[in-house]
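Okay, so here's the structure we're looking at.
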Amino acid sequence: MHAFSRPYAEGGVLFLPLRPILLTTILLYAGSVRPQAQSSDEERSSEDEETVEVRAPRQDGPADLEAAARSEIRLDERLPSASSLPRLLHEAPSARLREFGGEGQLATVALRGGSPAQTLILLDGVPLPAPAGGGVDLSLVPVEFIERIEVLRGAAAADLGAGALGGALNLITRVPRENFLLKLSGGSFGTFRGAAATGFRSGRTRFLLAASGQSSEGDFPFLDDRGTAENPKDDRQRLRQNNDSRALAWLARAQSDLGTGGVWAITHLGTIQERGVAGLLGFVSRRARERSFLELLDLRAHHEAGPALVALSIRQLATARRFSDPLGELTGVPVESRQETNGLDVGASVVLPFLRHRARFSLTGATLSLRDRAYGDPVRRTVSLGASGRLSFFDDALRLEPGALLTLASDAGSEVSASGGASLRLGHGWSVFANAGRTVRLPEFAELYLRSGFAEGNPDLFSEEALSAEAGLALRRRGLLLSLGGYFLHYRNLIVYEPAAAFRYKPQNAGRVDVAGAEAELRLRPVRGLEAQLVYSLLLSCDRSGRPNRDGNRVPGWPVHQGMFRLAWDRQRLLAEAAAFWIGENFVNQANTKSLPQRFLLDLSAGVRPSPDTSLMVEVRNLLDQRTQDVRGFPVSGISVFLTLSLKGGEP
Amino acid sequence: MKRPRCRWLGLTAWAFVASACGAGGDSPLGDVRLIVVDSLGEDLSILSADSPPVVQKAVVKVGKAPNQVLLDGAEAWVLSSQSNSLEVVDVTTWKVERQYALGDGCNPYWMAQAGDGTLIVSCFLSNEILRVDPRVAAGASAVLSRLPMPTGVDLNPTDPQKPGFARPQGVAVVGNEVFVTLTNLGSDWAPAGPGFLLVADLAAWVITRKVELPSRNPGFVYAERNGGRLFITASGDFSGNGAVEVYDVSARALSGRVALGGAPGRMCLADDGRAYVGDQLDGRVLSFDTQTLAAGDPQVLCPADFGAGIYDFVADVACAGSVRWAACFATDKVHRLRTGEAPQAFEVGDGPVALAAVAP
């Protein structure tokens, strides 16, 4: 989704005046005439510049790409609902969200026909690890701390690092401002959420302290067909049990202007989560539990040295996961396992402007270690060298954006990701862009080393690769945003588990898939306070593995059609929002013989804003009470109701 | 949801052949000579009697991850391991007539028919065997009774600190006795100790004895037609040390052993006096003389025709008259073998795992 400023901030006028925080979105559409964009650059307040530059020095790179398909979901501009982070990602074009059980339960996202593991998930630019494979669990990231989500699709994400085959998501946390926020919500399935945040200033230093908690009993009724879809007579209503979750998270941040053209920031983010693991239908558990812990320590600084900008960062990300299935209900074997990852990366970048162009060079060294006996306690050390540029011609009407990233990994060889794009402003709000490139994904620890059950790691694996090309057209006028785009992706050397013998599977670089798609988004603000959004994604995938029964088939899990419509009202003390999601029918196996039916989700919210800083909202999710599954074997809940009270004050 | 590729050509060809050949005799199966369980496609493929056979894929969808098919007159019983279900398919209409739930956590692996028409089903994960009536009404429970398998130190683990789980797999019924292979796998899914042949009394529904086997990881058990002997295939530790154990039913003792090598899995007993065994390790059909127990030359059938270092395996073999069939799991092919003829391969559905052959 793309950034919109709230009426109170922008006086109800869409996009004008341009605020720096909107800049990246504006650049994406590139629809404005040059003077607007240029003036916005010049009009940056030093305070806002601090915020953007300190927190994400990499924004000098891909984040302000103009020749790319990128979207932004701004959480601080949304109505104060109880929505979780995964649910918001339904709104991004070509994003496939997979929810395994509701509040606090496993949720993953993938882009453009890829798998969750082929989508790079960053937290403030730091890659979140998923050493066990299967992609990053988004439920671990507290939505209350996220200010905006950048979704970068296709090859333009090449600069962000290895892993972005389908694209990348960057979850950007709140920045210190002199304000406060208190949000409380509760509702169905015994769910309660609470979040508080306060920001203050002391001298040249700004501070942010935030905490959030969440608790959900999670049990919900569903229709259990008992594995006999052809026999409705034995169906029964059943309670999804051991589906509870609890989480506690905190965020502390300090950032300061050194007064000499330099800025530093230090961030500490932590989250602890405990939840039941209900399991796959037919193999359910009442005792299996999972505890997860995530901690990020992030120290960044940048310094303006003449026209150049030098940025340094040191980041440490630690995760731990303890899983317990004492009765062996899920796999037939009692399990007590513990897994820890520890990542440290040190990076430096320099941005060098020359004439109207600029170049960025970066060097990052990182180490990621995993403590898990089943994997052999592996360690991966990587060095990444990046170079990107922005070449402006014809008064910035034409931009060329080349970029390349060389990654040297201690256990996976060297790989180059590269992309090149061009954008052209046509006038009257119209613009076009195109880009092409190559992205890679290094084999995960699980694929390389894990020996567990029927799976056997393969240390001879090499990187997966995606070649992509895309082109788009955008129209941006006051109160109107229209974007249309098409892309083609060729995935090859995909790592797929093949039988090495009966009961033994070993990953091999044996998969090839072509994906072609189209993305359309329309945003309207016909009158002050009213916002409408329509998103449609078409995705045609084709297996090119050459395998019988699979070659020519669709990729499982990806519907051909997905759509979303949202209508929001925020004016005259009344708040209302209706959101409808359509997830098309999709196959569940590579042979394309079975499928999950299409899903329609309708969410309705209504509330009041008795004062500009206070709101009370009632939210009804899944009003049509659709109880189909998002992932086969994992039921989702039906209708649910939530009440949210939100108080805030101070600097917007 | 429509598959992206056209299937009308194959269906048309099949309809043409079927109509040209008529009903094909008295068998409710007509001209069908082979039923294939496609584990990954989760459906059945069928092959006709024509030469070459007409293959019809996905004639009927079954449960999740089907494992085995048994024929009984006009019905085919299909055991689906991930949906914990038993499907009863009408082989004249190729529709699922009835479907029964076997219970959460079962992971049904194999079944054998008892004399009274009930089925004995092994539950690989829940470590029990079930007695199932496949003829009850759709809304009723088909599971008549459950019998837990021994566990822990009862399985003579190599390391008493790491006892195994029974993991019952193969089932055979001879008279009033049920024979079940216990793989005895540890928490790492490797053998935790010796394999066992467990014997239960069908009428009393109790375990009567437990026979320790020289081989590890016994998978399947097959009874001779006269019920005199049992052949137990054991894959060992998948390093090429597999064997077939021979058990004399009347003597209640092991009577022989065939050191076949490989990882012997599913098997069939042919009219030529030989047993043919699928190698679960590297795509061969192994064989031995059932009287002399002399091993024959292996026949390599499932070439790895995709990707370097990828090996296929023979998931099942079936014997019918002078014809033998072998299923290659990863290459999605079944091979027809006739003595004196070169093997012929036919593409079937995704992941063929089990076969049921029909004699002409």
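Computed quantities for the displayed model
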{"quantity": "Qualifying positions in segment B:221-237 - in contact with a Leu (Cβ under 9 Å, 6 or more places away or on another chain), buried (at least 18 other Cβ atoms within 10 Å of the Cβ) and either within 14 Å of chain A (Cβ to nearest Cβ) or among the acidic types (Asp, Glu) (or both)", "calculated": "B:Thr233, B:Ala234, B:Ser235"}
{"quantity": "In segment B:182-200, residue nearest to the other protein chains (Cβ to nearest Cβ) [restricted to those that are closer than 18 Å to B:Gly152 by Cβ, at pLDDT 95 or above and part of a strand (DSSP E or B)]", "calculated": "B:Leu182"}
{"quantity": "Yes/no for B:Leu281 being under 19 Å from B:Gly170 (Cβ atoms), away from chain A (no Cβ under 14 Å), in a loop (DSSP other than H, G, I, E, B) and over 15 Å from the mean Cα position of the chain (by Cα)", "calculated": "no"}
{"quantity": "Residues being of a type in the set (Val, Ile, Thr) and surrounded by fewer than 21 Cβ atoms within 10 Å (Cβ to Cβ) - total across segment B:175-206", "calculated": "2"}
{"quantity": "Any chance B:Leu155 is crowded, with 21+ Cβ neighbours inside 10 Å and modelled with pLDDT under 95", "calculated": "yes"}
{"quantity": "Test: residue in segment B:320-331 that is charged (D, E, K, R) and assigned to a loop (DSSP other than H, G, I, E, B)", "calculated": "no"}
{"quantity": "Selection count, segment B:248-265, where residues are outside any loop (DSSP other than H, G, I, E, B) and either of a type in the set (D, E, K, R) or surrounded by fewer than 24 Cβ atoms within 10 Å (Cβ to Cβ) (or both)", "calculated": "6"}
{"quantity": "Filter pass, B:Ala342 being in a loop (DSSP other than H, G, I, E, B), among the small types (Gly, Ala, Ser), out of contact with any Asp or Glu (no Cβ under 8 Å at 6 or more places or on another chain) and under 16 Å from B:Phe231 (Cα atoms)", "calculated": "no"}
{"quantity": "Scan of segment B:105-156 for residues that are among the charged types (D, E, K, R) and not in a loop (DSSP other than H, G, I, E, B), ordered by number", "calculated": "B:Glu128, B:Arg131, B:Arg146, B:Asp154"}
{"quantity": "Residue list for segment A:365-387, restricted to those being under 20 Å from A:Leu160 (Cα atoms) and touching a Pro at 6+ places or on another chain (Cβ under 7 Å)", "calculated": "A:Leu368"}
{"quantity": "Every residue from segment B:102-124 that is within 13 Å of another protein chain (Cβ to nearest Cβ) and without any contact (Cβ under 8 Å) to a residue 40 or more places away in the chain", "calculated": "B:Asp104, B:Gly105, B:Cys106, B:Asn107"}
{"quantity": "Residue within segment B:310-333 that is facing chain A (nearest Cβ under 9 Å) and on the phi > 0 side of the Ramachandran plot present", "calculated": "yes"}
{"quantity": "Residues (in a strand (DSSP E or B), among the hydrophobic types (A, V, I, L, M, F, W, C) and away from chain A (no Cβ under 12 Å)) located in segment B:44-95", "calculated": "B:Ile46, B:Leu47, B:Val69, B:Leu70, B:Leu71, B:Ala76, B:Trp77"}
{"quantity": "Of all residues making up segment B:339-356, the number that are surrounded by fewer than 21 Cβ atoms within 10 Å (Cβ to Cβ) and in contact with a strand residue (DSSP E or B) (Cβ under 6 Å, 6 or more places away or on another chain)", "calculated": "5"}
{"quantity": "Tally of residues being in a strand (DSSP E or B) and in contact with a Pro (Cβ under 8 Å, 6 or more places away or on another chain) across segment B:166-181", "calculated": "4"}
{"quantity": "Residue match in segment B:30-40 (condition: basic (Lys, Arg) and either under 15 Å from the mean Cα position of the chain (by Cα) or more than 12 Å from chain A (Cβ to nearest Cβ) (or both))", "calculated": "yes"}
{"quantity": "Residues located in segment A:382-397, provided they are in a strand (DSSP E or B) and surrounded by fewer than 14 Cβ atoms within 10 Å (Cβ to Cβ)", "calculated": "A:Phe393"}
{"quantity": "Test: residue in segment B:297-309 that is touching a residue at least 60 places away in the same chain (Cβ under 8 Å), surrounded by fewer than 22 Cβ atoms within 10 Å (Cβ to Cβ) and more than 30 Å from A:Leu461 (Cβ to Cβ)", "calculated": "no"}
{"quantity": "In segment A:271-305, residue farthest from the other protein chains (Cβ to nearest Cβ) [restricted to those that are small (Gly, Ala, Ser) and crowded, with 16+ Cβ neighbours inside 10 Å]", "calculated": "A:Ala301"}
{"quantity": "Scope segment A:555-599; condition at positive phi and either acidic (Asp, Glu) or within 12 Å of another protein chain (Cβ to nearest Cβ) (or both); matching residues", "calculated": "A:Asn592"}
{"quantity": "Selected residue (criterion: farthest from the chain's Cα centre (by Cα)) from residues of segment A:139-191 that are buried (at least 24 other Cβ atoms within 10 Å of the Cβ) and of a type in the set (S, T, N, Q)", "calculated": "A:Ser139"}
{"quantity": "Matching entry among A:Ala162, A:Ala229 (being aliphatic (A, V, I, L, M), out of contact with any helix residue (DSSP H, G or I) (no Cβ under 9 Å at 6 or more places or on another chain) and without any contact (Cβ under 8 Å) to a residue 12 or more places away in the chain)", "calculated": "A:Ala229"}
{"quantity": "Cβ pairs under 8 Å, 6+ apart, first in segment B:261-275 and within 14 Å of another protein chain (Cβ to nearest Cβ) and in contact (Cβ under 8 Å) with a residue 60 or more places away in the chain, second assigned to a strand (DSSP E or B) and acidic (Asp, Glu)", "calculated": "B:Arg266/B:Asp316"}
{"quantity": "Any chance A:Gly420 is surrounded by 20 or more Cβ atoms within 10 Å (Cβ to Cβ) and assigned to a strand (DSSP E or B)", "calculated": "no"}
{"quantity": "Test: residue in segment A:319-334 that is at pLDDT 90 or above, loosely packed, with under 15 Cβ neighbours inside 10 Å and in a strand (DSSP E or B)", "calculated": "no"}
{"quantity": "Some residue of segment B:266-286 being within 30 Å of A:Leu461 (Cβ to Cβ), surrounded by fewer than 17 Cβ atoms within 10 Å (Cβ to Cβ) and in contact with a strand residue (DSSP E or B) (Cβ under 7 Å, 6 or more places away or on another chain)", "calculated": "no"}
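One line per residue, one yes/no per condition, for (1) basic (Lys, Arg); (2) at pLDDT 50 or above:
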{"position": "A:Gly11", "(1), (2)": "no, no"}
{"position": "A:Thr25", "(1), (2)": "no, no"}
{"position": "A:Ser71", "(1), (2)": "no, yes"}
{"position": "A:Arg78", "(1), (2)": "yes, yes"}
{"position": "A:Arg112", "(1), (2)": "yes, yes"}
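The values are calculated or read from the model by the stated rules, or taken from the named source; none is laboratory data. Values in this document were obtained by computation on a predicted structure and should not be read as measured data. All Cβ positions, glycine included, derive from the backbone under ideal geometry; neighbour counts span all protein chains shown.
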